[in-house]
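The values are calculated or read from the model by the stated rules, or taken from the named source; none is laboratory data. Because the structure is predicted, anything quoted here is derived from the model rather than measured. Every residue, glycine among them, receives a Cβ derived from its backbone with ideal geometry; neighbour counts consider all protein chains shown.
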Amino acid sequence: MVEGFSGRLLFVAVLVAVLLLPASARGDGGFSGISDVLNATAAEVGVVHLLYNAPPGTQVQFFERVEDRLKALGLATATSRAVAGLPEAVTWRCDRTLRRFEATAIAPDGARSHDSYDVRTPSCVNRLKLSVPRRVALGATTRVRVEDRWKNGGVKPSLCITPPGGRRACRVLAFPRAVDFSGRDFRATKPGLWRVELRLDGHRVRVAVPVGGVRRVPVAPLARVLVTGDSMMQGLDGFLGDRWAETATVRSDTQTGSGVSRGVEWVRRAAAQAKRHRPRTTVLLMGDAGYPMRTPDGTMRACCDELWAAEYSRRARVMMKTYIRQGRGRVVWLTMPTPRNAALAAVTAVVNRALARADDGLAGARVVRLDLLLAPNGYREYMPYRGQTVRVRQTDGMHLTATGASIAAEAVAKTLRRFPGRLSTAP
C-alpha cells in the first residue's frame with residue numbers, strides 16, 4: 001500500500017510534482033507537444049486522480065472509455081499554473097483493472113485538444129483483510145472481521161466458516177459504498193480448528209481458528225516485496241502483486257516527481273523504507289530531471305558530465321546496499337526507457353549509464369536495462385512483442401502503458417529467477 005499520503009493530499013502532491021518539472025520537460029507555454037497531455041495516477045489506494053496540462057483557463061472534460069462508449073466523469077478548468085485536475089475521478093474495481101481515460105480540452109482562444117491515457121489498477125487479490133482471534137474458548141461467541149483495504153465498499157464477498165468435521169456454512173457480507181469494515185459472529189461449539197474462508201472475485205483468503213485449547217498450525221509468512229520509485233512504477237506494482245499473490249506480499253511506496261539527483265531525499269528514503277518494510281526483494285524504477293548534485297566533499301556538480309554521473313552512480317549504489325542489508329534481500333533496479341522529450345532523453349541516457357555500473361560487485365543487486373528492451377534505438381511508442389505490435393508508452397511520451405508495465409514485470413520476474421544460490425527462490 002502507498003505510505004504517507006491519503007485522499008486529496010496525494011492529489012496535491014502529484015500536482016506539485018508536475019509543476020516542479022523543468023519547463024522544457026513539461027512543455028509549458030504552448031497548446032502543443034507534450035503540454036496538452038492527460039495523466040492518470042493510481043498511486044492513492046482505491047482511487048484514480050486525473051490531471052491535464054493545458055493553458056490557464058482551458059476547460060477540460062474528463063471521460064472514461066468503457067468498451068465502445070464514453071462515460072463523462074467531470075469538468076475542470078486549468079489553473080494559472082496550467083493544470084486542470086479531477087481528484088478521485090473513479091475508484092478501483094475488481095472487474096476492470098485496465099482503465100482507459102480520455103479528455104477533451106477547449107482553450108480560451110477556442111483551440112481544441114484531445115488526449116487519452118490508460119492505467120492498470122490492482123486486482124482484488126489483496127483487497128480484503130481477514131482478521132480472527134488467535135484462539136477461542138470452547139462455547140464462546142467470536143467475531144470474524146473483514147476490512148476493505150481500498151476503503152471503497154460496494155462489494156459482496158462470501159465468508160464461509162467450517163467447524164471441525166462439520167459442514168461449511170457460507171454467508172454473503174454486505175459492504176455498502178464507502179464502508180470499509182464488515183464481519184460476522186460464530187459460536188465455537190466444538191473443539192478443534194475452525195476453518196474460515198473469504199472469497200471475492202475468484203480470490204480466496206483462508207485462516208484457521210483454534211478452539212478449546214487446540215494449537216494453531218503455524219503458517220510461514222509471505223515474502224515481502226517493495227516496489228518503489230516515482231510515477232513510472234504505476235501499474236508495475238499491480239502486475240507483480242498478481243504474479244506473486246501466493247508467495248509474496250507486494251507493497252507499493254512511491255514518490256511522484258522525485259529523483260535521485262534531487263537533494264538526498266532518496267538516500268534517506270531508502271533507509272526509512274528498508275527499516276519499515278524489511279523487504280525480501282526491492283524493485284525500483286524512476287526517472288530524473290537532472291538536478292545539480294552536491295558530492296560528499298561539498299562540490300556542486302551540474303548535470304550531466306562524468307563527475308555528475310559518478311555521483312549519481314554512488315547514490316544509487318548506497319541505496320542498493322541499504323535495501324540489501326536492511327531487508328537482507330536483493331534489489332532489482334530498472335533503467336528508465338528513453339522519453340520522447342529531447343532534453344529529458346539526454347539526461348536519461350546519462351542516468352542509465354550511471355545505473356549500469358552502480359551494481360558492480362554487489363551480489364544482491366541487478367540493474368535491468370529496460371531502456372534497451374523498450375527503446376533500444378531511442379524513443380518509440382510501439383514495439384514488436386511476441387509476434388504482435390503493441391503500444392508500450394502513453395501519449396505523454398514518458399509513462400508506460402499497461403502493456404509496457406506488463407513487459408517490465410516479466411523482465412523483473414526473469415531477473416529474479418536468475419539470481420544465484422538462495423536468491424533464486426521465492427520473491
* To do: For residue 186, work out the one condition from (1) without any contact (Cβ under 8 Å) to a residue 40 or more places away in the chain; (2) surrounded by 16 or more Cβ atoms within 10 Å (Cβ to Cβ) it doesn't fulfil.
  => (1)
* Could you please let me know if residue 398 is in the same structural domain as residue 278 (by TED's automatic domain parsing) and modelled with pLDDT of 95 or more? => no
* Asked: Do you know which of the residues in the stretch 62-103 that are under 28 Å from residue 238 (Cα atoms) and of a type in the set (S, T, N, Q) is surrounded by the most Cβ atoms within 10 Å (Cβ to Cβ)?
  -> 97
* Asked: Does residue 179 satisfy the condition of being under 16 Å from residue 128 (Cβ atoms), touching a strand residue (DSSP E or B) at 6+ places or on another chain (Cβ under 6 Å) and surrounded by 13 or more Cβ atoms within 10 Å (Cβ to Cβ)?
  -> no
* Which of the residues spanning the stretch 348-378 are surrounded by 19 or more Cβ atoms within 10 Å (Cβ to Cβ), closer than 18 Å to residue 390 by Cβ and of a type in the set (A, V, I, L, M)? -> 370, 373, 374, 375
* May I ask you to verify whether residue 320 is surrounded by 16 or more Cβ atoms within 10 Å (Cβ to Cβ) and either more than 19 Å from residue 371 (Cβ to Cβ) or without any contact (Cβ under 8 Å) to a residue 24 or more places away in the chain (or both)? => no
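Considering only residues that are assigned to a helix (DSSP H, G or I) and touching a residue at least 60 places away in the same chain (Cβ under 8 Å), which ones fall in the stretch 274-298? Give the steps one after another, and end with the answer.
Restricting attention to the stretch 274-298, the residues satisfying the condition of being assigned to a helix (DSSP H, G or I) are 274-277.
Within the stretch 274-298, 276 is the sole residue that qualifies.
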* To do: Collect the residues in the stretch 258-269 that are of a type outside the set (A, V, I, L, M, F, W, C) and surrounded by fewer than 19 Cβ atoms within 10 Å (Cβ to Cβ), keeping them in residue-number order.
  => 262, 263, 265, 268, 269
* Asked: Which ones in the stretch 274-285 are of a type outside the set (Ser, Thr, Tyr) and at pLDDT below 95?
  -> 274, 275, 276, 277, 278, 279, 280
